[in-house]
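First comes the structure, then the notes that go with it.
Bear in mind that the values in this text are calculations on the coordinates, not laboratory data. All of these numbers come straight from a predicted model, not from anything done at the bench. Glycine also receives a Cβ, built like all others from the backbone with ideal geometry; neighbour counts cover every protein chain displayed.
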Amino acid sequence: MDAVVYKGPHEVAVEEVDEPTIEHPNDVLIDITTTCICGSDLHMYEGRTAAEPGIVFGHENMGIVSEVGEAVSSLEVGDRVVAPFNVACGHCENCENGKTGFCTNVNPGFAGGAYGYVAMGPYTGGQAEKLRIPYADFNALQLPKGDDHEDAFSLLADVFPTGWHGIELANFEPGDSVAVYGAGPVGLMAAYSAKIRGAADIYVVDRVPSRLALAEEHCDATTINFEEGDPVEQIKAAHGGGVDCGVDAVGYQAVDAEREGGSAYDPARENPAVVINNLIRTVKPTGELGIPGLYVPEDPGAPDDMAAQGRIGIDFGLLFEKGQALGTGQCNVKEYNRQLRDLIIEGRADPSWLVSHRVGLEEAPEMYEAFDNREEGVTKVLLEP
Ligand code: NAD
Ligand code: ZN
């Protein structure tokens, strides 16, 4: 079958790979109908991780069940499902407590598993014609048959729940004011979640005009272009004492506007914590910070510079002085995606405006390049094998 294969920094190709098979009685196979490109794929694509050439990408997958393992009880051939990017067993202590991003069974030695991701276990990605879903009764969320809401449902695999998780991590309450750094798919879904849940004021920071325009149009956000001056000062000019809570939906590849040319991640750079430090200044004393943006985990194989090892310079003294709390980590997609699916079915949420492109799998190389360059108008790319 065809799949999107990582070839090396800034290069993917659509190539023939082996089809998955049922490996365990709890597995199902699906024929992929939609699989998305994610900002998290870019960490591997840009060569910042230990991902080896040959890995098949794709952790945001939906499709139709084509084969069912003999121990699977809730799924049948023909069912339409979306799979959380996390692979989780469903019965370890973390899974039972809803912390499905931190399953202790699927990927021993590391917290949690995912499809098509370096260090996240042996689960091949779904940017392909077919995918194996392990622990399928737990990891496949059923969708209504047909093709209604195909774009919106595909976002249930990751970015809609991850945006929702971002404001959960920040302990968001209705009536709060919130600042979201990053208007990529995750940040836009955090701002949209805040809108749905009754935020008083929403500020969204980025520098890509088309992304800021989406935040204004669909999230009722006040938009802040960080290239037009210190974003913290811009938010404070509108919102005196600081906002109630904030979200880092950028991560360690944050562009540092203070640096020459405002360039993105550079392994030699001393401190990628630009956004976290801005958030500490943006949020009021005793406010909370949600950090779904990814900072690389410790990796013995990576170069020993700070950023490559995920060591970052947080202004902890200021965090302490302001008595702020912060939450971070992989989204526990399973914890949210059933309720978010139902909001979509009931017409109470429709995140499909996020989708800018739906293209054939063979267009993956061009779309990776365009998404990686944060080209104007390229927000969320869906691949259709
Ligand atoms: P993205 O790269 O498309 O979006 C990031 C946005 O941040 C871009 O629009 C960029 O212009 C903007 N940006 C860069 N520097 C900035 C700065 N200094 N201030 C404000 N904005 C800045 O990626 P995405 O798909 O939206 O993902 C965002 C982050 O979330 C990534 O790090 C990704 O790995 C992570 N992620 C985490 C989880 C999780 O479970 N925690 C899930 C999915 C994605
Ligand atoms: Zn993703």
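How long is the gain from His24 to Lys7 if the chain were fully straight, where each residue apart is worth 0.36 nm and the alpha carbon distance is subtracted?
So the extension gain works out to 3.2 nm.
Helix 185-196 sits at what angle to the longest principal axis of the chain, using alpha carbons and giving 0 to 90 degrees rounded to 10?
Relative to the chain, helix 185-196 is tipped by roughly 80 degrees.
To the nearest 20 debye, what charge dipole does the chain have about its Cα centre, counting +1 at the Cβ of each Lys and Arg and -1 at the Cβ of each Asp and Glu?
1060 debye
State the Cα centre-to-centre distance between segment 45-88 and segment 144-195 in whole Å.
Taking the Cα centre of segment 144-195 as reference, the centre of segment 45-88 is 21 Å away.
Which net charge results when you count Lys and Arg as +1 and Asp and Glu as -1 among the other residues whose beta-carbon is under 9 Å from that of Arg207?
Net charge in that neighbourhood comes out at -1.
Multiply the residue separation of Val77 and Asn225 by 0.36 nm, subtract the distance between their alpha-carbon atoms, and state the gained length in nm to one decimal.
Fully extending the segment from Val77 to Asn225 adds 48.5 nm.
I need the peptides 240-253, 18-31 ranked by packing, meaning the mean over residues of other C-beta atoms within 10 angstrom, with the highest value on top.
Top to bottom by mean Cβ count within 10 Å: 240-253, 18-31.
Across 10 Å bins from the origin, how do the percents of Cα pairs in segment 160-328 run, short distances first?
Values per bin, smallest distances first: 12, 42, 36, 10, 1.
Please give the helix 209-219 orientation as an angle from the longest Cα principal axis of the chain, in degrees from 0 to 90, rounded to the nearest 10.
Between helix and principal axis, roughly 80 degrees.
Report, ordered by chain and residue number, the lysines lying within cross-link reach of Lys130, taken as a straight Cα distance under 19 Å and ignoring same-chain residues fewer than 8 apart.
Lys145
Straight-line reach from Lys195: which lysines fall under 27 Å, measuring Cα to Cα and dropping same-chain residues less than 8 apart?
Lys99, Lys236, Lys284, Lys322, Lys334, Lys380
I need the trypsin sites (Lys or Arg not before Pro) found in segment 329-367, filtered to DSSP loop residues with at most 13 other beta carbons within 10 Å of theirs.
Passing sites in segment 329-367 are Arg348.
Put +1 on the Cβ of each Lys and Arg and -1 on the Cβ of each Asp and Glu in the chain; which of Pro53, Leu29, Phe138 then has its Cα farthest toward the positive end of the dipole?
Going by the charge dipole, the pick is Phe138.
Where both residues lie in the chain, what percent of DSSP beta bridges are antiparallel, nearest 5?
55 percent
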